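No lab work stands behind these numbers, since they all come straight from the coordinates. Just so it is clear, the model here is predicted, and its values are computed rather than measured. As a convention, Cβ positions derive from the backbone with ideal geometry for all residues, glycine included, and neighbour counts pool all protein chains shown.
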Amino acid sequence: MAACETLLTWPEFCKESKEFILLSEKLDDTWSWEEKNSNIGQSYLKYQQKISVPTTNDLLQIEYHIVYSVSYQVPIMYFQAHYSDGKMIKLDDAWQIFHSNRNSQYSREDMLGILTQMEHPILFKPYMCLHPCRTAEILAQTPLSKNRLLTFVSVMGPYLQLNLDNRYGMLNI
């Protein structure tokens, strides 16, 4: 796929996000659509969950955002995670926690290139994210997807312990 080829437009992102939300509602899941304003790139999908940290048995509260990247024209998964005492996890801790996920096929060096910290483009706060440089490549490998955001979360979410219910793949949009 050519680097400058458009993979996902803003109207497509919005349409597929709203379809994703409808599926979430059918499954009594808690995804939401957050809209700062009506400008391009100023809305996102949001999901929250708690997970147990395997090494410490501490609980992490994680908030995930699926945001449209105007420059890359792909979805980007941002997240913030806090320990039960409210302290935000550091990038190295996040790598350790998510790399310990038994489904991870990436080495430590790979994860350091994939998992990064950036300013959230809507909230202007530091968030961690999966770097978008390979997202277009990943989505291009699933050309028959009816909803690219569902595909994106299904493929990339497990690396951050965000696992969709299998019923998402069985419902019609």
*asked:* Taking 4 °C and 1.567 mPa s as the conditions, I'd like the Stokes-Einstein D for the range 10-166 in µm²/s, using the Kirkwood hydrodynamic radius from alpha carbon pairs.
replied: 80
_Residues in the range 65-82 that a label on L59 would reach, taking backbone N under 16 Å of a point 7 Å out along Cα→Cβ_ = 81-82
*asked:* Using Cα springs under 10 Å in a Gaussian network model of the chain, which residue among S71, S52, S24 shows the largest mean-square fluctuation?
replied: S71
*asked:* Using a 7 Å offset from Cα along Cα-Cβ at T9, what residues in the range 22-54 end up with backbone N under 18 Å from the label point?
replied: 39-43
*Select from the range 1-63 those GluC sites (Glu not before Pro) which occupy a DSSP coil region and have at most 10 other Cβ atoms within 10 Å, ordered by residue number.*
E5
*Anything over 19 Å Cα to Cα? Flag those among K26/K50; K15/K46; K46/K87; K18/K125; K46/K125; K18/K50, in the order listed.*
K26/K50; K46/K87; K18/K125; K18/K50
*Per the helix-only calculation at 222 nm, which mean residue ellipticity applies to the chain, given -39500 (n - 2.57) for every DSSP H run of n ≥ 4 and division by its residues, nearest 500 deg cm²/dmol?*
-8000 deg cm²/dmol
